[in-house]
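> A single structure is presented below for examination.
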Amino acid sequence: MSQSDMDRFRRRCGQFRGLAVFMVVSVGTLLALAGWVRPLILWRRDGMAFSGLEVLADTIWNLPAAFYLFAVWSIGRAMGQLSKGRLIQPTLASALRRVGIALGLGGLASVFLVVNLLRLVKPGTGGYLHFDVPGMTLGMIGGALFLLGRVADQASRVQAELDEMI
């Protein structure tokens, strides 16, 4: 890879990091506001009492999104490190593990945790399992990414061991 190609790659990594930060901040802010705004709108429009349970229910409903935003943040962080010239292999292994854990936990939260916590907050709503195919898919992809991150870590250690022998 020529120096100009490497410079272009680093510049694009920096741009992607900026995009990831923008996404996490903007979507995170909207999710945080939505947890408070919807109950306030219901209170103003319908005269319903402002309920902390509604805020809690909205927070629980948005729990998987928090994990997914952490995954995006982790990708952005890795891209920022690459844009500063950090080595690709250790950055990639670390990012794969973090993103994998975040996606896996987000998928698990989406399928199992959200519906059961909502049943505790609002009795009589939801079942025991939410058949959320995107959540299940992201959970499986997260598990695979975590395992690939472990493989990349192991390959890095083996490479270092081989380099010491030479």
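The values are calculated or read from the model by the stated rules, or taken from the named source; none is laboratory data. All figures in this text were calculated on a predicted structure; none of them were measured in a lab. Note that we place each Cβ from the backbone using ideal geometry, even for glycine, and neighbour counts take in every protein chain shown. Keep in mind that these areas ignore ligands, DNA and RNA; they rest on the heavy atoms of the full protein, side chains included. Shrake-Rupley method; radii C 1.70, N 1.55, O 1.52, S 1.80 Å.
> Write down the Å³ per residue value for the convex hull defined by the alpha carbon atoms of the range 7-87.
Per residue, the Cα convex hull of the range 7-87 comes to 75 Å³.
> Please report, in whole Å, how far the alpha carbons of the range 49-126 spread along each principal axis, starting with the longest.
Here the Cα extents, ordered largest to smallest, are 54, 24, 9 Å.
> Before anything else, pin down the relative contact order of the range 1-152: Cα pairs under 8 Å, at least 6 apart, normalised by residue count, whole percent.
26 percent
> Got the relative contact order for the range 24-82 handy, in percent, Cα pairs under 8 Å and 6 or more residues apart?
Reported as a whole number, the value is 40 percent.
> Please find, in a Gaussian network model of the chain (springs between Cα atoms separated by less than 10 Å), the residue of 141, 75, 88 whose mean-square fluctuation is greatest.
Most flexible of the set in this elastic network: 88.
> Using a Gaussian network for the chain with springs between C-alpha atoms less than 10 Å apart, which of these wobbles most: 106, 143, 85?
Of 106, 143, 85, the Gaussian network model singles out 85 as fluctuating most.
> If DNA, RNA and ligands are ignored and the probe is 1.4 Å, what is the ranking of 163, 5 by accessible area, most exposed first?
Sorted by accessible area, descending: 163, 5.
> Can you pull the three principal axis extents for the Cα set of the range 86-166, in Å, largest first?
Projected onto its principal axes, the Cα set of the range 86-166 covers 67, 19, 17 Å.
> While we're on this one: At 222 nm, what helix-only mean residue ellipticity would the chain give, in deg cm²/dmol to the nearest 500, using -39500 (n - 2.57) for each DSSP H run of four or more?
-29000 deg cm²/dmol
> Right, something else. For the range 78-151, what is the charge dipole size about the Cα centre, in debye to the nearest 20, if Lys and Arg each add +1 at the Cβ and Asp and Glu each add -1 at the Cβ?
260 debye
> Evaluate the Debye formula for the chain with equal point scatterers sitting on the alpha carbons, no solvent, and hand back log10 of I(q)/I(0) at q = 0.19 Å⁻¹, in q order, two decimals.
-1.19
> Under 10 Å, Cα contacts only: if you run a Gaussian network model on the chain, which one of 77, 97, 45 comes out with the highest mean-square fluctuation?
45
> For the range 87-166, what does the relative contact order come out to in percent, with C-alpha contacts under 8 Å and a separation of six or more?
45 percent
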